[in-house]
Ligand code: HEM
Ligand code: HEM
C-alpha cells in the first residue's frame, strides 16, 4: 500500500478510536451511582400541604439533605439520617407561597450527589381541591394565581456574563470569517472553471 | 411542443457526456480531481454533487430556497437545545421558558435565535414563493415541486403556530384557545381539543407536534422538493456552465452570513416573553406572519381563521392548474399573474391592517 494510503487509514482508525473513547467517557456518569428509592404519599399537592417522603434502599446510617427543586426555586428541608436498613421518613410542609408547577423532591448525599428523587406537581390551591385523576391539567388551570391579563412583555432580568458574550461574539465572527473565506474560495474556483 | 424546456428533465447528463457545444463545462478529470477518491470528501460522496448547473443558480434570488433551508436547520438546531430545558407540563411551561432565559448558559441567546430564525424563514420563504411564481417555475414539469412547496409553507405555518403556544405567556394561551376553537370548527379537529384524551394534556400534544411530528413532515417534504429540483434541474434557459459544488459553497457562505445575522439580531434584540397567560381574555395580537388571518377574523369572526388560510393555500395549490401552459409556450396568461398580485396585495394589506387594527375579541364571535 502507498504511504499516503496508509496515512489515511491511520487517520480513520485514530478517528474511530477517539470517537469510541469520547462515547465511553460521556457514558461513565450513567454508571457512577447506585440510586435509592424515594416515595411520596402523593405526587400532586398544593402549596401549604404537608407531604410525607419515605426513602429506602439507601446507604445505611447516612446523612441526606432533602430539597424540593423547581425550575426557578428550590426549597431546602434540612437533613435526615437513614436507619440501619437504609430507610428514612420525613414530613415536608410545602411553603404556602410556592408557585404551582413541576418539582422534584431530591435526597442529596454528603458528596452532593442525588441519591434518590421523585417527581411532584404543585397545583394551584383551587384546582387541587378537585379530586380528579381522570382529568390531567390543561391550560384552564394554568397560573390561576396570576392577577390580570396583559399584552405587555414581562420584566425578566437576564444577565449575560462576559464569558457568554465572548462565546456569542466568537461564534458570530467565526460565521462571518467562514462565510468570507468560502466566498473567496468559490470565486477563485469559478474563475478556474471559466 | 416539446415537453421540456432547455436544461429541463435530464438536465444532468452523466459525467463526461455533456457536449461542449451546449456551453457546458465538460466533466473533465480536473473537476473530479478537485475531490479525490481517497479524501474524506471523496469518501463522503461529495463527487455526486459535482454536476453542471446554470450560472444563474448562483445568484441570490435563486438561493432564497436554500437560505430558507439554512434557516430551518438553525431552527432545528436551536429547537433541540431549547427542548432539553423546556417542560411541556402546562403548569411549568412558562417557568421553564423563564429558566431557559435566566439560568441556562446562552439560553436567552439560543431562544432568541430560534425566534428570529422563525421570523427570517418567513421572509426568505415569502420572496422564494414570489420569485418562483414570477418566473412561472410551477409550470410543466414542475407542478409537483410547487405543490410540495405549498405543503412546506403550510408546515412552516404549523410550526410557527405550535411554537407560539408552547411558551405559556398571554400570547400562547390565546393562541391555544384559537387552536381549540379552530379545531372544534374543523372536521377531524377533535385531536386538538383538551377533551380528546384525559391521559395527557393538549399542550403536551402540541409540543410533540412542534418538536417531532411537524419537523419530520417538513424534512420529508424538503427531501421530495429537493429530489424533484435535482430531477428537473433549475428552471433556467441558460447554458450550464457552473458546477453545483460551487453553488453549495456559495450557499454555505451566505448561510453562514445568515447565521451571523441571526446571532447579532438575537444578541441586540432578544425575544421577549409576556406575562403568564390568563385564560378567557384576548388582549394580544398574533405574531406578524399570522396578522392577515387576524385581519379576516376581525372582519368575519372566528370562522376567519379557517377561511383565510383556505383561500391563500387553496389559491397557491390551484396555481399550476390555472396556468397550464408550458413556460416556453406563447400567451403567458396574464390573468393568473393578475390574480396572484391581487392575493399578494390582500395578504400585505391584511398584515398592515393587523398591525394598526384595534385589538378585538374573536373567541365566541
Ligand atoms: C423548523 C421549524 C420551527 C419553527 C418555525 C419554530 C418556531 C417556533 C416559535 C415561533 C417558537 C416561539 C418562540 C418564542 O416566541 O419564544 C418556538 C418555540 C419553541 N420551539 Fe420551535 N420552531 C421550529 C422547530 C423546532 C424544533 C425542531 C424544536 C425541537 C426539537 C423546537 C423546539 C421549541 C421549543 C422547546 C420552544 C419553546 C421555548 C420558547 O418559546 O422559547 N422548535 N418555536
Ligand atoms: C421550507 C420551505 C422551502 C424550501 C426549503 C425550499 C427550497 C427550495 C430550493 C433550495 C430550491 C432551488 C433553488 C431556488 O430556486 O431557490 C427551490 C425551488 C423551487 N421551489 Fe422551493 N422551497 C421551499 C418552499 C417552497 C414553496 C412554499 C413553494 C411554492 C409554493 C416552492 C416552490 C418551488 C419551485 C416551483 C421551485 C423550482 C424553481 C426552479 O426550478 O427554478 N418552494 N425550493
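Readers should treat all values here as calculations from the given coordinates under stated rules, not as data from a laboratory. Predicted model, so just to flag it, every value in this text is computed and none were measured. Cβ placement follows ideal geometry from the backbone for every residue including glycine, while neighbour counts extend to all protein chains displayed.
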**Prompt:** Given 0.36 nm per residue, what is the gain on full extension from residue B:40 to residue B:339 after removing their alpha carbon distance, in nm?
**Reply:** 102.6 nm
**Prompt:** Averaged across the residues of A:152-159, what count of C-beta atoms belonging to other chains lies within 10 Å of each residue's C-beta?
**Reply:** 6
**Asked** Can you give the extra length, in nm with one decimal, that the chain gains between residue B:227 and residue B:363 once fully stretched, where that is 0.36 nm per residue apart less the Cα-Cα distance?
**Response** 44.7 nm
**Request:** Note down the Stokes-Einstein diffusion coefficient of chain B in µm²/s, whole number, using a Kirkwood radius over alpha carbon pairs, 25 °C, and 0.890 mPa s.
**Result:** 108
**Fill in**
Tilt, helix B:64-83 to longest principal axis of chain B (alpha-carbon atoms), in degrees rounded to tens, equals 40
**Asked** Which value, in Å³ per residue, describes the convex hull spanned by the Cα atoms of the stretch B:275-365?
**Response** 110
**Sites residue A:16 and residue A:111 - FRET efficiency at Förster radius 35 Å, r taken between beta-carbons, to 0.05** = 0.50
**Item:** Gain upon complete extension [residue B:191, residue B:299; 0.36 nm per residue less C-alpha separation]
**Value:** 36.1 nm
**Message:** Residue by residue through B:82-93, how many Cβ atoms from other chains fall within 10 Å of the Cβ on average?
**Reply:** 5
**Prompt:** On alpha-carbon atoms, Rg over Rh for the stretch B:144-257 using Kirkwood Rh?
**Reply:** 1.14
**Prompt:** Using the beta-carbon distance between residue B:355 and residue A:75 and R0 = 51 Å, what value does 1/(1 + (r/R0)^6) give for FRET efficiency, to the nearest 0.05?
**Reply:** 0.70
**Message:** Taking each residue in B:273-286, count the Cβ atoms of any other chain within 10 Å of its Cβ, then average. What number comes out?
**Reply:** 5
